[in-house]
Amino acid sequence: MKKQQIIIFGAGEIAELADFYLTHDSEIEVVGFTVDGSYIKKTEFCGRPVVPFERISEHFPPEHFGIFVAISYAKINAVRAEKVAVARAKGYQLVSYLSSRATVFPGFEPKENCFILEDNTIQPFAGIGANVTLWSGNHIGHHSIIEDDVFLASQVVVSGGVRIGQGSFVGVNVTIRDHVTIGKKCVLGAGALVLEDQPDFSVVAPRGTERSPVPSTRLRNL
């Protein structure tokens, strides 16, 4: 069976990762890359052509090629959401990646432009919106809802019945208690323990571990 051919929007580290995952763990073939013309630094990336997004249909018409937008959580996911909307308006089918090493259950189907990496566990009755990135190693509890345009970093624990609002960013090792609601475009910093609802645009940023004034050379037992 012929693989579906797609273009990746992006030419950075996330685009390189998306190319690797899609090439080695999907039935999708990446045939090129695209970025806004003003950001093109070279005409080839990962051995494939890079074309201006403004002229993508001239090189890769939407009747024959899909697209995946491989962009980070810049501007609280707004940049990625904007490019998804433009690609959709141009007539492109937006594809998703679901790792073969993720744990999902019957009835789960990723929506458009999702990037779900290895070791994610998505329990029954959980819902994942469109344009959601789940980096590796997250737990998404039963009956939880992750709305569109959300980015979860690694090792996040989303307990049962949680709702994470559109456009939010959740940092590494965040834990969200059951039945907590996170508003839209919230930022939960690394290591946050969230025990109560958070309104739209909240920032939860726990302090990092302080550095000891004692240098490592004075530690007797190391």
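The values are calculated or read from the model by the stated rules, or taken from the named source; none is laboratory data. Predicted model only: the values in this text are computed from it and were never measured. For neighbour counting, all protein chains shown are included, and Cβ atoms are generated from backbone atoms with ideal geometry for every residue, glycine included.
Quick check, is Q198 within 21 Å of K75 (Cα to Cα), in contact with an Asp or Glu (Cβ under 8 Å, 6 or more places away or on another chain) and not β-branched (V, I, T)? Break it down into steps so the answer makes sense when it comes.
On the way: within 21 Å of K75 (Cα to Cα): yes; in contact with an Asp or Glu (Cβ under 8 Å, 6 or more places away or on another chain): no; not β-branched (V, I, T): yes.
Spelling it out, it is not the case that Q198 is within 21 Å of K75 (Cα to Cα), in contact with an Asp or Glu (Cβ under 8 Å, 6 or more places away or on another chain) and not β-branched (V, I, T).
Assuming S72 fulfils every condition listed in (1) part of a helix (DSSP H, G or I); (2) closer than 30 Å to D200 by Cβ; (3) among the polar types (S, T, N, Q) apart from one, which condition is it?
(1)
Is at least one residue of region 153-171 outside the structural domain of K75 (by TED's automatic domain parsing), in a helix (DSSP H, G or I) and of a type in the set (V, I, T)?
If we filter region 153-171 for residues that are outside the structural domain of K75 (by TED's automatic domain parsing), which is where we start, we get 153-171.
Checking which are in a helix (DSSP H, G or I) leaves us with none.
Scanning region 153-171 turns up no residue that is outside the structural domain of K75 (by TED's automatic domain parsing), in a helix (DSSP H, G or I) and of a type in the set (V, I, T).
In this structure, does A74 turn out to be within 13 Å of the chain's Cα centre (by Cα), among the small types (G, A, S) and either modelled with pLDDT under 95 or over 25 Å from V31 (Cα atoms) (or both)? If you could, list the steps in order and put the result at the bottom.
Details: within 13 Å of the chain's Cα centre (by Cα): yes; among the small types (G, A, S): yes; either modelled with pLDDT under 95 or over 25 Å from V31 (Cα atoms) (or both): yes.
In short, yes.
Against the condition surrounded by 20 or more Cβ atoms within 10 Å (Cβ to Cβ), hydroxyl-bearing (S, T, Y) and within 16 Å of the chain's Cα centre (by Cα), how does Y92 come out, does it pass? Steps first, answer last, please.
Details: surrounded by 20 or more Cβ atoms within 10 Å (Cβ to Cβ): yes; hydroxyl-bearing (S, T, Y): yes; within 16 Å of the chain's Cα centre (by Cα): no.
No: the conditions fail for Y92.
Table: residues versus (1) more than 14 Å from the chain's Cα centre (by Cα); (2) modelled with pLDDT of 95 or more; (3) of a type in the set (A, V, I, L, M).
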{"position": "S100", "(1), (2), (3)": "yes, yes, no"}
{"position": "L117", "(1), (2), (3)": "no, yes, yes"}
{"position": "I122", "(1), (2), (3)": "yes, yes, yes"}
{"position": "F125", "(1), (2), (3)": "yes, yes, no"}
{"position": "I128", "(1), (2), (3)": "no, yes, yes"}
{"position": "T133", "(1), (2), (3)": "no, yes, no"}
{"position": "Q155", "(1), (2), (3)": "no, yes, no"}
{"position": "V170", "(1), (2), (3)": "no, yes, yes"}
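Restrict the check to region 175-188 and report whether at least one residue is under 24 Å from V69 (Cα atoms), of a type in the set (D, E, K, R) and in contact with a Lys or Arg (Cβ under 9 Å, 6 or more places away or on another chain).
no
Give the residues of region 33-69 that are under 15 Å from A15 (Cα atoms), among the charged types (D, E, K, R) and either modelled with pLDDT of 95 or more or in contact with a Phe, Trp or Tyr (Cβ under 8 Å, 6 or more places away or on another chain) (or both), sorted by residue number.
D36, E44, R48
Scan region 91-101 residue by residue and report those that are part of a loop (DSSP other than H, G, I, E, B) and under 18 Å from I14 (Cβ atoms). Quick ask: steps written out before the conclusion?
Within region 91-101, the subset part of a loop (DSSP other than H, G, I, E, B) is 91-93, 95-96, 99-101.
Correct list: V95, S96, S99.
Do we find a residue being surrounded by 15 or more Cβ atoms within 10 Å (Cβ to Cβ), free of Cβ contacts under 8 Å to residues at least 24 places away in the same chain and not hydroxyl-bearing (S, T, Y) anywhere in region 54-65?
No: zero hits.
Considering each of E112, E147 in turn, give the residue that is among the charged types (D, E, K, R), touching a residue at least 12 places away in the same chain (Cβ under 8 Å) and under 19 Å from A70 (Cβ atoms). Spell out the reasoning first.
On the way: E147 fails: under 19 Å from A70 (Cβ atoms).
Answer to the selection: E112.
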